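Down below is the structure, laid out as structure tokens.
The values are calculated or read from the model by the stated rules, or taken from the named source; none is laboratory data. None of these values were measured; they are calculated from a predicted model. Positions of Cβ are generated from backbone atoms using ideal geometry, with glycine treated the same way; all protein chains shown enter the neighbour counts. Remember, those area values only see protein heavy atoms, side chains included, never the ligands or the DNA or RNA. Shrake-Rupley method; radii C 1.70, N 1.55, O 1.52, S 1.80 Å.
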Amino acid sequence: MSALIVFGLAYAAMALLSLAMERHQAQFLGRELARPQVRMLRAGGWVLLALALWPALAAWGTQVGIAGWLGVLSFAALAVGLQLSYAPRSGAWSVPAALALASALAYVPLLMS
């Protein structure tokens, strides 16, 4: 279950980082964003990448957690790249859905105890 949390956070992070690029703004949104918005997207992406490391380290330990986190980041980047290639407009709903999934899965252990 922690792999899905890490993937949801990493997917949202990669999508935000891709939205910080002008080319992908046109694909996702159909328009370019202002500089302050681009800076916020970039900062949010890096924060989510760091936040995705936390459940990986908590679930798998330091050595395996970092390796697993890097592997999940690769799959998240692949997923965002495929989405930009084949269904770029779906990013408007897939990023919030990934964050909602990761948040919901993070609270499941709390509800079960």
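When we screen 89, 42, 31 for residues that are surrounded by fewer than 18 Cβ atoms within 10 Å (Cβ to Cβ), charged (D, E, K, R) and at pLDDT 90 or above, the only hit is 42. So which residues in segment 1-28 are of a type outside the set (Lys, Arg) and open to solvent by 80 Å² or more (accessible area, probe 1.4 Å)? Within segment 1-28, 1, 4, 21, 22 qualify.
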